[in-house]
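Participant: The structure under discussion is supplied below as structure tokens; questions concerning it will follow.
Readers should treat all values here as calculations from the given coordinates under stated rules, not as data from a laboratory. Because the structure is a prediction, the values reported are computed rather than measured. Using ideal geometry, Cβ is built from the backbone for each residue, glycine included, and neighbour counts are taken over all protein chains shown.
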Amino acid sequence: MYETMAILQTMDNLYYEAQRQGRISFYVTSIGEEAINVASAAALSSDDLIFPQYREQGVLLWRGFTLKDFASQCFANDEDSGKGRQMPVHYGSKKLNYITVSSTVGTQLPHAVGAAYSLKMAKEEACTVAYFGDGGTSEGDFHAAMNFASVLEVPVLFICRNNGWAISTPASDQYRSDGVVVKGQAYGIRSFRVDGNDTLAMYSCVQAARKMAIEESRPILIEALTYRIGHHTTSDDSSKYRSITEMERWKSLRDPVIRFRKWLEGNAWWDEVAERRLRATARNEVITTMVRAEILKKPPLSDLFKDVYDSVPVHLQEQEAYVRSTVTRHPKDHPSDVPL
Amino acid sequence: MWATSARRAIAGQSSVTSWLLRNSMIKSGEKVRSFSSGSNQLTVRDALNSALDEEMSADSRVFVIGEEVGEYQGAYKVTKGLLQKFGPDRVLDTPITEAGFTGLGVGAAFYGLKPVVEFMTFNFAMQAIDHIINSAAKTYYMSGGQISVPIVFRGPNGAAAGVAAQHSQCFAAWYGSCPGLKVISPYSSEDYRGLLKAAIRDPDPVVFLENELMYGETFPVSDEVLDSNFTLPIGKAKIEREGKDVTITAFSKMVGYALKAADELAKDGISAEVINLRSIRPLDRATINASVRKTYRLVTVEEGWPQHGVGAEISASVVEESFEYLDAPIDRITGADVPMPYAANLERLALPQVEDIVRAAKRACYRQVPQSAAA
């Protein structure tokens, strides 16, 4: 778990910088929430279907999405399994049971309930897991999903990353309830509040919750308290609405990665040498995959019109033929890194 | 259900016959096969009910979800009997949350089930439209082909009678503009039956726009329509009535009005070709343009609002592809550009009537007064 958390941190920092350098258009870091991401993923089975918001790349990393996969999506090259259709960080992997990230906030919650219903009907030994933030609990979809999951009695874990901020809206302006955990109780759902920065607590909580959800076919809500150390996304500068001292304090005193590392070192399972080696290797690998992904060709023109429908309809076939004839007539106007 | 129909099939009675018997449509002893083509009578409601029944029997992944679909037998009785036959796992009554049950249906479809989501009216579906567009229509594309969404959204669309602004909007144009969706608007029982079966079997998300006032209408259908494998192709319009002087396109209830208008026009020697669009997306541009290239004149009819309506799209398509064939400007007959009023007289004025279609067709034919039939 620690290694994954450290690689995640390294990846997040390097991709953030890459965006600032203009090499990718957009990025979302999960800095400060590494424990939630990785520990929860570690406590789940690979059969559990994940419905992310957009700050859960650590879950995907744990499951086996490679650094090359992350790079292909962010640079939208022709190795991207998403075929270059989405903005950076909108990862998805059918193979790894991770539903493609959708930018709309909270819509994944009723989806998770529906899929959990399907799992229950199929009597699978698995659950669905929906992640969201404190801000997401204001969306109508949150309430509809919670109510439904409770009434239908389906195996779904609702994991709220309560990091205190929804872009510039602090939690105190988001709701006036006692956090998110009471909302679950209001819907008749067994709910837990956990220290999201405590890797081991997070792991135990999710492990127990998963067992309950599957064995008793019921939803569980977990409110994991944490702090969003980074900005909302690369389009945000959070120093405009929160104090730098606050961010610095969480970063230096309450960082979950450092906390877990100290615990490991205290048990003599980790040391300075291993740390330096891991960080150097991680940095090296991330940069290598980035540099390679950056210069690869883009997804081909032939992917533009596919997957709108199950089979390509006649009018899109006509449009593709028209585009191709335009490219043939004006080859200089067609970008050289986009294959046909 | 399976065991019963298997026994009856062995006894020489098809599952369709037993369905018709159970619903008192034929007397015991009558054989469906002895009916001549087109003399079976089927209401739109029964067309839908039988289609749902058969598709749910054939594929255990199909399930129905919505408000009042189970115990209440359906707000408009379209799902009558389904809960009793298939049980609460396959027919789900839901709390009042369109966003909730639509999102739930989409999630189930992501996993591999085939939900049929009923909206009490598509007006209420606006509370779920984010899931229809952002979660259903776009997902196959956004996921790079990894997640397909084989879901059907169905329910009454457009004006009913005296239900006013928030129960009368036509959504054909809105959904019809969205890539990733298929949008269907049937007219006759044959349409409803064949197209709903096709929609349920289709791997893409389908918006199936019904009409509340048509549920009780009866249409003659052939034996072929009653077969459990009967489907109609999505994206193909039907020429309900052939003609040579003017093309009239319509969908849903307006097809009936267009046919009545064609009868009126025939008295004045104008032969109108009436096209039942059946599908809004994909729109059967080929059939429409072929007809205009024959008649040289076009009138489009719809109940919905004029701006950015279905008629606007048809008009653009015909101008793009058949401009030199047109002998007159294209006329769009639409609902009035107002939220639907309640009072019956105002409602009548706000919706297209047969006389409006007749006048438009005559304008296209440059006729102010009746003339004797052309040679």
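Participant: Please arrange A:E294, A:E79 by counting, for each residue, the other beta carbons lying within 10 Å of its beta carbon, fewest first.
Facilitator: Fewest-to-most Cβ neighbours within 10 Å comes out as A:E294, A:E79.
Participant: Is there a simple number for the mean count of other chain Cβ atoms within 10 Å of the Cβ of residues in B:199-209, and what is it?
Facilitator: Mean shielding count: 1.
Participant: Here's something else I'd like to know. Along each of the three principal axes of the Cα atoms of the stretch A:97-221, give the extent in whole Å, ordering the values from largest to smallest.
Facilitator: Projected onto its principal axes, the Cα set of the stretch A:97-221 covers 42, 31, 29 Å.
Participant: Taking the number of other C-beta atoms within 10 Å as the exposure measure, put A:K123, A:K262, A:K298, B:K114 in order starting with the fewest. All intermediate terms of the calculation are to be shown ahead of the outcome.
Facilitator: Working: A:K123 7, A:K262 11, A:K298 17, B:K114 22.
Lowest count first: A:K123, A:K262, A:K298, B:K114.
Participant: Follow-up. Would you grab the residues whose amide H sits under 5 Å from the one on B:T247? Only those 5+ places off in sequence or on another chain, please, with H modelled 1.01 Å from N.
Facilitator: Under 5 Å from the amide H of B:T247 lie the amide H atoms of B:E273, B:R297, B:L298, B:V299, each far enough along the sequence or on another chain.
Participant: Can you tell me how the stretch B:207-346 classifies by the Cα gyration tensor, rounded, prolate or oblate, using a/c under 1.5 as the rounded cut?
Facilitator: Judged from the Cα gyration tensor, the stretch B:207-346 comes out rounded (a/c under 1.5).
Participant: Within 9 Å, Cβ to Cβ, of B:S177, how many net charges do the neighbouring residues add up to if Lys/Arg are +1 and Asp/Glu are -1?
Facilitator: Values: positive: B:R281; negative: B:E313.
Neighbourhood net charge equals 0.
Participant: Okay, next question. Could you calculate the FRET efficiency of B:K236 with B:S177 from 1/(1 + (r/R0)^6), where r is the beta carbon distance between them and R0 is 25 Å, rounded to 0.05?
Facilitator: Efficiency at R0 = 25 Å is approximately 0.80.
Participant: So, one more: Quick one: check the C-alpha center-to-center distance for the stretch A:144-168 versus the stretch A:285-306, whole angstrom.
Facilitator: If we compute the Cα centre of each part, the gap is 35 Å.
Participant: Let me ask you something else. Considering only C-alpha atoms, what is the centroid distance from the stretch B:198-255 to the stretch B:113-168, in Å?
Facilitator: The stretch B:198-255 and the stretch B:113-168 have Cα centres spaced 19 Å from each other.
Participant: State the answer as a single residue: which of B:G216, B:Y140, A:S30 lies farthest towards the positive end of the charge dipole of the protein assembly as shown, with beta carbon charges of +1 for Lys and Arg and -1 for Asp and Glu, about the Cα centre.
Facilitator: Towards the positive end, the residue furthest out is B:Y140.
Participant: For the stretch A:149-201, what mean projected area does the convex hull of the alpha carbons give, in nm²?
Facilitator: Answer in nm², one decimal: 4.6.
Participant: Need one word for the protein assembly as shown: rounded, prolate or oblate. Basis is the Cα gyration tensor (sqrt eigenvalues a ≥ b ≥ c); a/c below 1.5 gives rounded, then a/b vs b/c decides. All intermediate terms of the calculation are to be shown ahead of the outcome.
Facilitator: Values: a/c = 2.36, a/b = 1.71, b/c = 1.38.
It comes out prolate by the Cα gyration axes.
Participant: Please identify every one of the chymotrypsin sites (Phe, Trp or Tyr not before Pro) in the stretch B:279-375 that sits in a loop by DSSP and has no more than 16 other beta carbons within 10 Å of its own beta carbon. Mind dumping the intermediate values first?
Facilitator: On the way: sites: B:Y296, B:F323, B:Y325, B:Y342, B:Y366; in loops: B:Y296, B:Y342, B:Y366.
Hits after loop and neighbour filter: B:Y342, B:Y366.
Participant: Okay, moving on. Tell me the mean residue ellipticity at 222 nm calculated for chain B from its helices only (DSSP H runs of n ≥ 4, each -39500 (n - 2.57), averaged over every residue, nearest 500).
Facilitator: Counting only the DSSP helices, I get -10500 deg cm²/dmol.
Participant: For chain A, what are the DSSP H helices with axial Cα length of 30 Å or more and mean Kyte-Doolittle hydropathy of at least -0.5?
Facilitator: A:272-295
Participant: Ok, one more. Let me know the mean shielding of A:311-320 by other chains, meaning the per-residue number of their Cβ atoms within 10 Å of its Cβ. All intermediate terms of the calculation are to be shown ahead of the outcome.
Facilitator: Values: counts 2, 0, 6, 4, 5, 2, 0, 0, 0, 0.
Taking all residues of A:311-320 together, the mean is 2.
Participant: For the stretch B:273-297 and the stretch A:222-276, what is the separation of their Cα centres, given in Å?
Facilitator: 63
Participant: Still on this structure: Starting from the amide H of B:V91, placed 1.01 Å from N in the peptide plane, find each other amide H under 5 Å away whose residue is 5 or more places distant or on another chain.
Facilitator: Answer set, sorted by chain and number: B:V64.
Participant: Something else about it: Assigning unit charges at the beta carbon (Lys, Arg +1; Asp, Glu -1) and nothing else, what dipole magnitude in debye, to the nearest 20, does the stretch B:256-355 show about its Cα centre? Numbers along the way, then the final one.
Facilitator: Details: 10 positive and 16 negative charges, 44 e Å.
The calculated dipole for the stretch B:256-355 is roughly 200 debye.
Participant: While we're on this one: In the stretch A:26-40, which residues have a backbone nitrogen under 20 Å from the label point lying 7 Å from A:Y175's Cα in the Cα-to-Cβ direction?
Facilitator: Those under the cut-off are A:33, A:36-37.
Participant: List residues of the stretch B:296-310, by number, whose backbone nitrogen lies under 13 Å from a label position 7 Å along Cα→C-beta of B:D337.
Facilitator: It comes to B:305-309, nothing else.
Participant: Let me ask something additional. Please report the Cα spread of the stretch A:1-121 along all three principal axes, rounded to whole Å, starting with the longest.
Facilitator: 49, 32, 25
Participant: Non-local amide H neighbours of B:F153 (under 5 Å, H modeled in plane, Pro and chain starts lacking H): which ones?
Facilitator: Correct list: B:V117, B:V206, B:V207, B:F208.
Participant: Moving on to the next point. Hey, which aspartates and glutamates would be in cross-link range of A:K95, C-alpha to C-alpha under 15 Å, not counting anything within fewer than 8 residues on its own chain?
Facilitator: Within reach: A:D47, A:D48, A:D69, A:D80.
Participant: Using Cβ contacts closer than 10 Å as the measure, can you line up B:V62, A:V28 from fewest to most?
Facilitator: Details: B:V62 21, A:V28 25.
Going from sparsest to densest Cβ surroundings: B:V62, A:V28.
Participant: If you take each beta carbon of peptide B:134-141 and count the beta carbons of other chains within 10 angstrom, what is the mean?
Facilitator: 5
Participant: Another one. Net charge within 12 Å of A:R23 by Cβ-Cβ distance, Lys/Arg positive one each and Asp/Glu negative one each, not counting A:R23 itself?
Facilitator: Around A:R23, the surrounding residues sum to -1.
Participant: Test of understanding: extend the Cα→C-beta vector of A:N13 to 7 Å, then name every residue of the stretch A:275-302 with backbone N under 20 Å from that spot.
Facilitator: A:275-291, by backbone N distance to the label point.
Participant: Quick check on my link table: of B:K138/B:K236; B:K80/B:K236; A:K94/B:K197; A:K83/A:K297; B:K294/B:K362; A:K94/A:K306, which ones sit more than 21 Å apart, alpha carbon to alpha carbon?
Facilitator: Check vs 21 Å cut-off fails for B:K138/B:K236; B:K80/B:K236; A:K94/B:K197.
Participant: Can you find, among B:L82, B:Y72, B:G176, the residue sitting farthest towards the positive end of the charge dipole of chain B, where Lys and Arg contribute +1 and Asp and Glu -1 at Cβ?
Facilitator: Going by the charge dipole, the pick is B:L82.
Participant: Okay, moving on. May I ask for the Kirkwood hydrodynamic radius of chain B, worked out over all distinct Cα pairs and given in angstroms to one decimal?
Facilitator: This gives a value of 21.5 Å.
Participant: In whole angstrom, and with the biggest value first, how far do the Cα coordinates of chain A range along each principal axis?
Facilitator: Principal axes ranked by extent give 64, 51, 38 Å for the Cα atoms.
Participant: Strictly greater than 29 Å: what percent of every Cα pair in the stretch B:48-206 meets that?
Facilitator: Above the 29 Å cut-off, the stretch B:48-206 has 10 percent of its Cα pairs.
Participant: Along Cα→Cβ, 7 Å out, is where each label goes; now give me the distance between the ones at A:F26 and A:K332 in nm to one decimal.
Facilitator: Label at A:F26, label at A:K332, 3.4 nm between them.
Participant: Continuing with this model, one more query. Calculate, in nm to one decimal, what B:A164 and B:A266 gain on full extension: separation in residues at 0.36 nm each, minus their alpha carbon distance.
Facilitator: So the extension gain works out to 33.3 nm.
Participant: Just add up the charged neighbours of A:R161: K/R +1, D/E -1, any other residue whose Cβ is under 10 Å from the Cβ of A:R161. Provide the component values of the computation, followed by the final result.
Facilitator: Values: positive: A:R55, A:R228; negative: A:E33, A:E56, A:D134, A:E223.
So the environment of A:R161 carries a net charge of -2.
Participant: Turning to a different aspect of this structure: ³J(HN,Hα) across the stretch B:156-170 via Karplus (A = 6.51, B = -1.76, C = 1.60, θ = phi - 60°), whole Hz, x for Gly/Pro?
Facilitator: Values, residue by residue: x, 10, x, 6, 10, 9, x, 10, 6, 4, 8, 10, 10, 6, 9 Hz.
Participant: Mind listing which GluC sites (Glu not before Pro) in the stretch B:217-277 are in a DSSP loop and have 15 or fewer other Cβ atoms within 10 Å?
Facilitator: Within the stretch B:217-277, the qualifying GluC sites (Glu not before Pro) (loop, at most 15 other Cβ atoms within 10 Å) are B:E242.
Participant: Also, I was wondering about something else. Could you pull out the chymotrypsin sites (Phe, Trp or Tyr not before Pro) across the stretch A:244-340 that fall in loop regions by DSSP (anything but H, G, I, E, B) with no more than 13 other Cβ atoms inside 10 Å?
Facilitator: A:W269
Participant: Out of B:S279, B:L298, B:I239, whose Cα points farthest toward the positive end of the dipole of the stretch B:222-334 (charges: +1 Lys, Arg; -1 Asp, Glu; placed on Cβ)?
Facilitator: The Cα lying farthest towards the positive end belongs to B:S279.
Participant: Follow-up. By its C-alpha gyration tensor, with a ≥ b ≥ c as the square roots of the eigenvalues, how is the stretch B:183-232 shaped: rounded for a/c under 1.5, else prolate for a/b larger than b/c, else oblate?
Facilitator: oblate
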